[in-house]
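The values are calculated or read from the model by the stated rules, or taken from the named source; none is laboratory data. Keep in mind the model is a prediction, meaning the values are calculated, not measured. Glycine also receives a Cβ, built like all others from the backbone with ideal geometry; neighbour counts cover every protein chain displayed.
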């Protein structure tokens, strides 16, 4: 199922930060990555698990020179994508689900939440790469981890929100718990092969799962609970 839109009836803020995040991702992809053709930029600013573990810039296996501390690639890689389909899918999910979280959290908290989920997602990918003994020199990139955190937070805050999705050439409306529940189930099933050392389809499913879990946990610290209206007791006058 591909999400198209959701119910925004209770939105009271213009999601400026969400718009800026989408614009920044597109700008990096177009200007710095040359629509994905700038291999040198990719090899220099992506997250390389072996570099994160060792803390050193590795210049073998086709990897480029990283002009910043390697740990900062956990951040820079969040705004890079491997191709048009990659960025289009990520930005669609961010467009549909991110505005609701920004509306509840406020712009500053939402930005902090987004970045923290993305960093934790990248760390999850690095840890599982080491644990499974996979090739630590394969770079990883993409906003998927951060957006997965947004999805996890959305599920906790708006499980009953209506989401319009494209399913088998039909547009239907389903609760968010169904849409996002199926999404995370697919990530778990698809990523199961990583425990055996495989990398299904070249997708960093550990980052998706790690980001989603991080979002589910962190959202309670970033999103205040709605304040219940105060009901004045009824008074009788005589």
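Of these, 119, 157, which one is in contact (Cβ under 8 Å) with a residue 24 or more places away in the chain and either surrounded by fewer than 16 Cβ atoms within 10 Å (Cβ to Cβ) or farther than 30 Å from residue 63 by Cβ (or both)? Even if it seems obvious, please write down each step before you answer.
Details: 119 fails: either surrounded by fewer than 16 Cβ atoms within 10 Å (Cβ to Cβ) or farther than 30 Å from residue 63 by Cβ (or both).
Criteria check complete, one pass: 157.
If you scan region 40-67, which residues turn out to be within 20 Å of residue 81 (Cβ to Cβ) and over 23 Å from the mean Cα position of the chain (by Cα)?
Hits for region 40-67 are 40, 62, 63, 64, 66.
Among the numbered conditions (1) crowded, with 17+ Cβ neighbours inside 10 Å; (2) over 12 Å from the mean Cα position of the chain (by Cα); (3) at pLDDT below 95, tell me where residue 99 comes up short.
Every listed condition holds for residue 99 apart from (3).
Assess whether residue 106 counts as being in contact (Cβ under 8 Å) with a residue 12 or more places away in the chain and at positive phi.
Values: in contact (Cβ under 8 Å) with a residue 12 or more places away in the chain: yes; at positive phi: yes.
Spelling it out, residue 106 is indeed in contact (Cβ under 8 Å) with a residue 12 or more places away in the chain and at positive phi.
Would it be correct to say that residue 78 is within 28 Å of residue 223 (Cα to Cα) and crowded, with 17+ Cβ neighbours inside 10 Å?
Values: within 28 Å of residue 223 (Cα to Cα): yes; crowded, with 17+ Cβ neighbours inside 10 Å: yes.
So residue 78 passes the test.
Taking helices (runs of 4 or more DSSP H) that do not extend beyond region 13-69, which have at least 1 residues that are in contact with a strand residue (DSSP E or B) (Cβ under 9 Å, 6 or more places away or on another chain) and touching a residue at least 24 places away in the same chain (Cβ under 8 Å)? It would help to see each step written out before you state the result.
Details: elements: 16-27, 39-45, 49-54.
In region 13-69, 49-54 are the helices (runs of 4 or more DSSP H) which contain 1 or more residues that are in contact with a strand residue (DSSP E or B) (Cβ under 9 Å, 6 or more places away or on another chain) and touching a residue at least 24 places away in the same chain (Cβ under 8 Å).
Counting only residues that are at pLDDT below 95 and within 23 Å of residue 119 (Cβ to Cβ), give me the helices (runs of 4 or more DSSP H) lying completely in region 137-238 with at least 3 of them.
176-191, 205-222
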